[in-house]
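Derivation of every value follows stated rules applied to the coordinates shown; laboratory data play no part. Every value quoted in this text rests on a predicted model; they were computed, and no experiment measured them. Quick reminder, even Gly has a Cβ in these numbers, built from the backbone with ideal geometry, and neighbours come from all protein chains shown.
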């Protein structure tokens, strides 16, 4: 037994010296890194930040460097979606009023009951939006009308020539309104819009839904012409409007996002991205972002916190474009125990758990000693 005590004392002395020498891992918070790197233009990649700060009404989110940019980035994405929804809201009314709106290149037929000589097959809407029909003229404007509207219009015109005309219009081919969908869907391709007000979710269904490799975002990219019509900044025509898949389908707690698609839209379903969890967690590494994941659930995926974790200042680092990163510190203790708001992760996010100041040596020494105790069959008592 004296020999064991001597061994144990020697191990403790060695472990303390080892810890204070810096060999035991210590993950500093970003604020400490900034102080030590003040005057340097480069911050280590696992704590990249932009210097900014602002207050936030939710105490579970402690704003550090880059907080303003972080929230402005998210706000801009949300505003683009709201702008597009507002501009396209009239299309929903058109859908309710009668469905598909005829356009240039569309092909339809006209049947006039009891007057077969007036029937017309494969009528193509010309570039000026008109067609030629017997008796009533060579330049009949049809583009922009729904099928019921066109039927009423033609019956009114033919009433000058026949009594109580009964007309049937059949849409044969749609050329004026098409959208493309690509990415992680079962049947990518170009699809005709068979009615006005078709939604992003409708096109996704036509394409057979998402594949198993799909991520949780849907991107809608209006054509340059439509971007201007929809009120989006023309300098940002190529930028996509983003919808979370969970928001698109809705759930028991929220209504689905309703966004009509129009001719020229491109829908992209990206494959699942990834996020990283680093620092004081049991299983640091990279994880697939194939479902809705928050900062809290990311830590859970990484095996939870170690004893040395600074749970009230977990750092979320996000690329906000233009070579910039934004950083927030989140109080995950309040998220877990008080139900405070959590944040959804994006592709490329890094969740970093710093070491709690003043506790990292004690906790890591206790764990090291407990490991030795377990190895020689002695009950560990922290």
| note | Per the Cα gyration tensor, segment 107-173 corresponds to an equivalent ellipsoid with semi-axes, largest first in Å, of 18, 12, 11
| query | Scaled to the compact-protein estimate 2.2 N^0.38 Å, what is the alpha-carbon radius of gyration of segment 277-355, rounded to two decimal places? | reply | 1.03
| query | Assuming R0 = 22 Å, what is the FRET efficiency of residue 253 and residue 77, from their Cβ-Cβ distance, to the nearest 0.05? | reply | 0.55
| task | Fewest Cβ neighbours within 10 Å first, please rank 265, 247 accordingly. | result | 247, 265
| note | Assertion target for 330, 221, ordered by fewest C-beta neighbours within 10 angstrom first, is 221, 330
| remark: A correct Stokes-Einstein calculation for segment 144-208, using the alpha-carbon Kirkwood radius, 20 °C and 1.002 mPa s, returns a whole-number D in µm² s⁻¹ of 150 µm²/s
| said: Calculate the FRET efficiency for residue 272 and residue 319 from the Cβ-Cβ distance with a Förster distance of 22 Å, rounded to the nearest 0.05. | reply: 0.85
| note | The base-10 log of I(q)/I(0) that the Debye equation returns for segment 87-212 at q = 0.20 Å⁻¹, one scatterer per C-alpha, is -1.10
| remark: Ranked from fewest to most other Cβ atoms within 10 Å of their own Cβ, 161, 275 fall in the order 161, 275
| field | Cα→Cβ-extended label distance, 7 Å offset, between residue 223 and residue 120, nm | value | 2.4 nm
| field | Highest to lowest packing among 319-329, 109-119, scored as the average C-beta count within 10 Å | value | 319-329, 109-119
